[in-house]
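Step one of this worksheet: look at the structure below.
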Amino acid sequence: MTPVEKKSFSLHLIYAIIEGCLKGCFIMNEFIFLRSMKGGTYQLGILFQLSMVLLLLSIVFNEILKRSTNKKRILIWVGIICHLPLMLTYFFPTLANSYTTNLHYQFIYMGIFFMYYMSTPLVLPTINLLLKNTYSHANFGKFYSIASSVGRISMLISTFAFGMILESDNYAFRYVYPVLAIIGIISIICLSFIPYQSETIAVTRKGFWGSIKDSMTRMVGIIKTNKPYKDFEIGFMLYGFAFLSTSAVITIFLESYLNLNYMSVAFYKNVFNVLAVVLMPFFGKILHKLDPRQFALITFGSLGLYIFFIALTEFFPSHYTYMGIEIYYTLILAMISFGVFSASMPLLWNIGSAYFCKSKDAGDYQSIHLTLTGVRGAFAPLFGIFFYETMGYMGTWSIAILAVIAALILMVYSYKRY
């Protein structure tokens, strides 16, 4: 480690620990919406959609980031504005009929998370920009995977603790989320102290929206000319459709079909989190040795197995109960598969695109990646709900698995050709 890498890694670790705590609690978000707030299926689809559709603004935020000479100030303001609305949950009621008779609480809840996820199109490219300019190429994947593993441990602990709290009080989110708002702001502040020297911005006569148009033109040019990267993103579109179209439906399956309690849901989410913690350092070491399209075979394939074993649960619902936790054999296999996926996906999703470009272009490439995530996020979750409403669980699982298979075939073909 160089002194700059050491300081950056320490701040990165603090950020990862706090963000892991937030993610561990928010991983129960959709289940809370169904079980405690009595939300509808399409409302659930919209709630899940919010975290993705905002990535459509990535090009706009990338231009703001490029023009800014004080990225620290932008990050701090983003942290404050996007996290503070979580404190409104303190005023939510604690009776189930209050949510069925007053639907505005559900829409306020969705609005709160709309604001929370608003930070994503700015924070994620900034992390890539800061770390890509601080970590050496040889250490990039290793340091990122270590920080991600520590974040996973934090996520595991908070998921288990929050599940226990929710089991005793289904409306505990009312006072947990305001606390998360405060520590979330602290995590962003820590991130803003990673050393970074802003480049001098060339004076241009074009206005902001003219620059946005130029950015879009430049990004379209990247997609057209960089064939391996184009194939990589098409594969992500196919995988992403499978993942996003089934995520809300899987929550419905666990809550309505299997009728799992909060402790059981927390248990299954921790099964894959434990495996992700163990495997992530290993994947971090091999990521820089493999082409991202080769690495994607592991990520996409494990997701396909996860959906497959979830589907099997409908036909083989054998299970037993231990200490209030309902343990389904096929769900254990599904969560093991999802653990492999969860260990490899953050690395591939966050830094995979950076391997197709030079350091100075990392922001543009990641913005393309985030924008395309927003594109699929704009329709895939509601498509999944539509498939579920019209074709049932099996129709939804089948379409998703076919999309994963198509993504795997494309990655093999692209790597062999380019």
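Filtered by the rule that a residue be part of a helix (DSSP H, G or I), under 17 Å from Ala181 (Cβ atoms) and not aromatic (Phe, Trp, Tyr), region 105-120 gives Ile108, Met110, Gly111, Ile112, Met115, Thr120. Leu372 fulfils the conditions (1) more than 18 Å from the chain's Cα centre (by Cα); (2) modelled with pLDDT under 90; (3) farther than 22 Å from Leu275 by Cβ; (4) not hydroxyl-bearing (Ser, Thr, Tyr) except for a single criterion, (1). The set of residues in region 162-181 that are of a type in the set (Phe, Trp, Tyr), touching a Leu at 6+ places or on another chain (Cβ under 8 Å) and either surrounded by fewer than 23 Cβ atoms within 10 Å (Cβ to Cβ) or within 10 Å of Ser36 (Cα to Cα) (or both) contains only Phe173.
Here Leu166 does not qualify as out of contact with any His (no Cβ under 7 Å at 6 or more places or on another chain) and closer than 13 Å to Gly20 by Cβ. Condition check for Phe315 on (1) crowded, with 22+ Cβ neighbours inside 10 Å; (2) free of Cβ contacts under 8 Å to residues at least 60 places away in the same chain: one failure, at (1). Say we look at region 47-90 and pick out the residues that are small (Gly, Ala, Ser) and closer than 26 Å to Phe26 by Cα; which of these is modelled with the lowest pLDDT? Across region 47-90, the extreme among qualifying residues is Ser58. Only one of the listed residues (Ser398, Ser367) is part of a helix (DSSP H, G or I), at pLDDT below 80 and small (Gly, Ala, Ser). That residue is Ser367.
Listed by first and then second residue, the pairs with beta-carbon distance under 7 Å, at least 6 apart or on different chains, first residue in region 55-79 and over 11 Å from Leu122 (Cα atoms), second of a type in the set (A, V, I, L, M) and at pLDDT 75 or above, are Leu56/Val375; Leu56/Ala378; Ser68/Ile74; Ile76/Ile188; Ile76/Ile189.
Please indicate, with yes or no, whether at least one residue in region 234-242 is without any contact (Cβ under 8 Å) to a residue 60 or more places away in the chain, within 29 Å of Val53 (Cβ to Cβ) and in a helix (DSSP H, G or I). No: region 234-242 contains no residue that is without any contact (Cβ under 8 Å) to a residue 60 or more places away in the chain, within 29 Å of Val53 (Cβ to Cβ) and in a helix (DSSP H, G or I).
Evaluated against (1) crowded, with 23+ Cβ neighbours inside 10 Å; (2) touching a strand residue (DSSP E or B) at 6+ places or on another chain (Cβ under 9 Å), Ala242 falls short on exactly one condition, (2).
Taken together, the residues in region 25-49 that are β-branched (Val, Ile, Thr) and either without any contact (Cβ under 8 Å) to a residue 60 or more places away in the chain or closer than 16 Å to Leu86 by Cα (or both) amount to 2.
Okay, residues lined up against (1) within 18 Å of Ser247 (Cα to Cα); (2) among the β-branched types (Val, Ile, Thr); (3) surrounded by 18 or more Cβ atoms within 10 Å (Cβ to Cβ); (4) touching a Gly at 6+ places or on another chain (Cβ under 8 Å):
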residue: Ala380; (1), (2), (3), (4): yes, no, yes, yes
residue: Tyr393; (1), (2), (3), (4): yes, no, yes, no
residue: Ser398; (1), (2), (3), (4): yes, no, no, no
residue: Ala403; (1), (2), (3), (4): yes, no, yes, no
residue: Leu410; (1), (2), (3), (4): no, no, yes, yes
residue: Tyr413; (1), (2), (3), (4): no, no, no, no
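Residues in region 46-92 that are closer than 30 Å to Ser256 by Cα and among the hydroxyl-bearing types (Ser, Thr, Tyr) were compared, and the one that is surrounded by the fewest Cβ atoms within 10 Å (Cβ to Cβ) is Tyr90. Please find, among Thr299, Thr330, the residue that is within 17 Å of Val404 (Cβ to Cβ) and modelled with pLDDT of 85 or more. Answer to the check: Thr299.
Could you list, in sequence order, all residues of region 1-45 that are outside any helix (DSSP H, G or I) and either among the polar types (S, T, N, Q) or surrounded by 21 or more Cβ atoms within 10 Å (Cβ to Cβ) (or both)? Hits for region 1-45 are Thr2, Met28, Ser36, Met37, Gly39.
The values are calculated or read from the model by the stated rules, or taken from the named source; none is laboratory data. None of the values given here were measured: they were computed from a predicted structure. Backbone-built Cβ (ideal geometry, glycine too); neighbour counts: all protein chains shown.
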